[in-house]
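Below is one structure; the comments refer to it alone.
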Amino acid sequence: MMTRTEAKQLINDLFEEEALVIGGLVAVHRLDDDLVWRLVKNLDVIRGKALRRIEAKGNSSGNGAATARPSIRPHPAIEDFLIKLRRACG
């Protein structure tokens, strides 16, 4: 079983890799500066949520309140990636 410290490091490593991928795309393609800032800010929020979930694991029996999702369809590439993630999780 993975320790909390190992899980946190795994999450941080994953988000570092994502940041490097985004950085590579930004270097090759002209993207709006505001878009890049918003994307990275949102990734950091997601990273923080994941780290807090790891920290809270075992501290409560509930799964927390479900958050409402907007009814906007994601880009097909994003949708395909989400489907793959959900299939991998069972």
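Among the numbered criteria (1) surrounded by fewer than 10 Cβ atoms within 10 Å (Cβ to Cβ); (2) modelled with pLDDT of 90 or more, which one does H75 miss?
Exception for H75: condition (2).
Based on this model, can you work out whether E6 counts as in contact with a helix residue (DSSP H, G or I) (Cβ under 7 Å, 6 or more places away or on another chain) and acidic (D, E)?
Numbers: in contact with a helix residue (DSSP H, G or I) (Cβ under 7 Å, 6 or more places away or on another chain): no; acidic (D, E): yes.
Considered against the rule, which asks whether it is in contact with a helix residue (DSSP H, G or I) (Cβ under 7 Å, 6 or more places away or on another chain) and acidic (D, E), E6 comes out as no.
Hey, among the residues in the range 27-44 that are of a type in the set (A, V, I, L, M, F, W, C) and surrounded by 10 or more Cβ atoms within 10 Å (Cβ to Cβ), which one's nearest to the chain's Cα centre (by Cα)? It would help to see each step written out before you state the result.
So the first thing to find is which residues in the range 27-44 are of a type in the set (A, V, I, L, M, F, W, C), and the list is 27-28, 31, 35-37, 39-40, 43.
Adding the requirement that they be surrounded by 10 or more Cβ atoms within 10 Å (Cβ to Cβ) leaves 31, 35-37, 39-40, 43.
On the way: L31: 20, L35: 16, V36: 15, W37: 15, L39: 11, V40: 10, L43: 6 Å.
Result: L43.
Only one of (1) more than 14 Å from the chain's Cα centre (by Cα); (2) of a type outside the set (V, I, T); (3) open to solvent by less than 80 Å² (accessible area, probe 1.4 Å); (4) within 23 Å of I78 (Cα to Cα) is not met by A50, so which one is it?
Tallying (1) more than 14 Å from the chain's Cα centre (by Cα); (2) of a type outside the set (V, I, T); (3) open to solvent by less than 80 Å² (accessible area, probe 1.4 Å); (4) within 23 Å of I78 (Cα to Cα), A50 fails exactly one: (1).
The values are calculated or read from the model by the stated rules, or taken from the named source; none is laboratory data. Note that this is a predicted model, so its numbers are computed, not measured. In this analysis, Cβ positions are derived from the backbone assuming ideal geometry, glycine residues included, and neighbour counts consider all displayed protein chains. Note: accessible area is taken over every heavy atom of the protein model, side chains too, but ligands, DNA and RNA are not part of it. Shrake-Rupley method; radii C 1.70, N 1.55, O 1.52, S 1.80 Å.
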